[in-house]
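The values are calculated or read from the model by the stated rules, or taken from the named source; none is laboratory data. Keep in mind that this is a model prediction, so the values were computed, not measured. Here the Cβ positions follow ideal geometry from the backbone for every residue, glycine too, while neighbour counts run over all protein chains shown. What goes into the accessible areas is simple: the full protein's heavy atoms, side chains included, and nothing from ligands, DNA or RNA. Shrake-Rupley method; radii C 1.70, N 1.55, O 1.52, S 1.80 Å.
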Number of protein chains: 2
Amino acid sequence: MRILLYRPDSEAQAWTADFSKMLPEADITQWREGASDKLPPCDYAVVWAPPAAMLRELAEVKAIFHTGAGVDALLKFGDALPAHVPIVRLGDAGMGVQMAEYVLHAVLRYFRRFDDYEAQARKGEWTPLPQHRKENFSIGVLGMGVLGSRVLDALGPGVQCFSGTTELETFLRGSRVLVNMLPLTPETSNLLDRSRLSALPHQAYVINVARGAHIAEPDLLTLIKSGHIAGATLDVFRNEPLPVQHPFWQEPRITITPHISATTLRQESVAQIAGKIRDLQAGRTIADVVDRSRGY
Amino acid sequence: MRILLYRPDSEAQAWTADFSKMLPEADITQWREGASDKLPPCDYAVVWAPPAAMLRELAEVKAIFHTGAGVDALLKFGDALPAHVPIVRLGDAGMGVQMAEYVLHAVLRYFRRFDDYEAQARKGEWTPLPQHRKENFSIGVLGMGVLGSRVLDALGPGVQCFSGTTELETFLRGSRVLVNMLPLTPETSNLLDRSRLSALPHQAYVINVARGAHIAEPDLLTLIKSGHIAGATLDVFRNEPLPVQHPFWQEPRITITPHISATTLRQESVAQIAGKIRDLQAGRTIADVVDRSRGY
């Protein structure tokens with residue numbers, strides 16, 4: 001069995017080594033852009049941010065494994081993706097715990113007003129503040145997938161579910177903290193625009209760990225400046241790295257992290273993909289096959 | 001039944017109202033310093049930061065209830081406290097959850113390096129950092145009382161217990177994050193001095209939600225400046241409010257909050273004390289009676 005591996009970062013060698021350990025029967029080939037005109041023949045491809053030209057040549061593989069949870073960066077190539085080849089995304093693979101930690105930290109920071117205390121401390125100010133009350137601090141998680149469910153588990157009991165665009169406004173009106181964990185698809189792109197963000201209660205908080213393109217960034221900034229939104233913790237942006245001249249850097253009520261809420265863990269990911277390859281080889285069905293019509 | 005209530009803050013009226021609701025059969029009297037030379041006779045006293053002169057006159061009461069978890073501020077009066085009157089501190093009363101939130105937030109902040117990301121963001125810097133690994137990030141909780149247990153529950157499984165001063169050094173050497181939740185007694189005062197803090201692993205973190213007097217503040221500062229201790233989150237200090245000229249305010253690796261990790265919740269506390277008063281009236285034993293020889 002031949003596996004073709006592509007990733008443009010410095011980790012390709014380590015991924016190859018891990019695959020050789022987990023699937024000693026496989027022949028692992030790394031591919032680099034410009035390395036050769038033709039892709040070597042293979043049964044499976046394992047890719048991270050591949051070029052469209054590579055994807056076009058993968059019409060004969062049994063599956064393309066994407067080493068991330070969101071496949072928007074792959075599906076954007078549209079027709080360059082061979083139509084009949086299954087695209088498989090990562091399931092949890094250790095990312096759920098990381099996202100739960102990230103979101104829980106941000107929620108506690110707002111709920112317990114550590115952001116306000118930090119601003120006070122910078123001025124040398126000692127003033128205990130009234131505490132927020134849980135009943136006025138409901139947390140709305142947009143996106144109830146594998147990762148969203150892990151985050152909900154970490155936040156504790158008392159979950160009410162909403163679905164579809166008809167219930168979206170009711171959901172937003174009730175969410176003092178909005179946590180975005182949606183996949184990026186044509187339907188969810190720009191979902192959080194001025195009108196949607198304005199539906200959040202006064203002094204709401206926004207936490208985005210999904211994709212920057214879900215949020216209309218200038219609208220978010222306007223609503224923070226106006227005081228309607230009290231603060232935002234953003235791990236993802238339209239353009240990454242966030243450009244140095246981007247106004248978010250200057251807004252103290254926006255907390256910026258460099259797309260680290262959940263990093264792909266190599267060993268967990270290789271183990272998961274190796275297991276799926278064995279299942280496919282044995283003729284079993286596997287989880288996390290992307291439904292291209294839904295976009296995730 | 002007569003209950004005498006003393007607190008020097010603006011909340012005395014609200015406490016009285018809550019007690020009247022919870023114990024309608026009781027006669028609640030507020031007392032203010034200087035209000036009268038003699039204390040009115042009473043069966044129970046419910047106090048917060050009372051003057052020594054008041055305590056001396058409480059020799060006839062059936063119990064003195066302190067509306068806090070730590071009674072060091074009461075026991076410091078020594079002989080002014082009638083020797084045979086039970087001192088009763090608050091049990092959990094909603095404080096455990098608050099402390100767990102506070103500690104969990106601080107631990108996640110260090111574990112996921114949000115303090116480093118914040119420092120980077122202030123400079124407009126976008127750099128993903130290597131993640132800490134759980135196996136190098138064990139958390140040592142000093143003090144396994146009602147509140148300490150709640151914090152341990154929130155931090156998750158995998159608890160190893162140490163006890164006594166002989167095991168203290170082993171415990172410190174293994175604690176990348178030290179969480180202090182001890183009661184303040186003559187034995188624990190100044191426990192965390194230069195030698196104890198130096199026993200922590202390189203780049204350790206200190207979280208103090210107990211009392212400022214547990215820590216030798218200049219030693220902590222020295223060890224932070226030297227880089228041995230990577231950061232501290234402090235909610236309590238020798239002198240509160242922390243004086244404006246205190247060097248802690250100028251140290252970016254020290255996070256200061258104004259003694260808010262667990263505030264006394266009035267309704268929960270009144271309900272707890274009222275329940276204990278009913279138990280005592282009915283001749284039942286109650287929890288949280290202070291052992292003066294231990295100091296908590």
Item to complete: Assess whether A:Glu60 counts as being without any contact (Cβ under 8 Å) to a residue 60 or more places away in the chain, open to solvent by 10 Å² or more (accessible area, probe 1.4 Å) and under 28 Å from A:Gly145 (Cβ atoms).
Response: no
Fill in: Total residues in the stretch A:81-112, condition assigned to a helix (DSSP H, G or I), open to solvent by 10 Å² or more (accessible area, probe 1.4 Å) and away from chain B (no Cβ under 14 Å)
0
Discussion item. Here is a check on your reading of the model: is A:Asp115 more than 10 Å from chain B (Cβ to nearest Cβ), among the charged types (D, E, K, R) and not in a loop (DSSP other than H, G, I, E, B)?
Written reply: yes
Practice prompt. Go through the stretch A:118-150 and give me each residue that's open to solvent by 90 Å² or more (accessible area, probe 1.4 Å), among the charged types (D, E, K, R) and within 13 Å of chain B (Cβ to nearest Cβ).
Written response: A:Arg122, A:Lys123, A:Arg133, A:Lys134
Response to the item:
Note on the stretch A:14-31: residues without any contact (Cβ under 8 Å) to a residue 24 or more places away in the chain and farther than 19 Å from A:Thr264 by Cα are A:Pro24
Worksheet entry | Qualifying residue in the stretch A:271-280 (condition: in contact (Cβ under 8 Å) with a residue 12 or more places away in the chain, away from every other protein chain (no Cβ under 12 Å) and among the β-branched types (Val, Ile, Thr)) | yes
Worksheet item: Among the residues of the stretch B:17-29, is any touching a Phe, Trp or Tyr at 6+ places or on another chain (Cβ under 8 Å), over 16 Å from B:Ala274 (Cα atoms) and outside any loop (DSSP other than H, G, I, E, B)?
Response: no
Fill in: Matching residues, the stretch B:32-52, being open to solvent by less than 80 Å² (accessible area, probe 1.4 Å) and either without any contact (Cβ under 8 Å) to a residue 12 or more places away in the chain or in a loop (DSSP other than H, G, I, E, B) (or both)
B:Gly34, B:Ala35, B:Ser36, B:Leu39, B:Pro40, B:Cys42, B:Asp43, B:Ala49, B:Pro50, B:Pro51
Worksheet item: Would you call B:Val290 more than 12 Å from every other protein chain (Cβ to nearest Cβ), under 24 Å from B:Leu182 (Cβ atoms) and under 21 Å from the mean Cα position of the chain (by Cα)?
Response: yes
Discussion item. Condition check: closer than 30 Å to A:Lys134 by Cα and out of contact with any Cys (no Cβ under 9 Å at 6 or more places or on another chain). Does B:Ala80 satisfy that?
Written reply: no
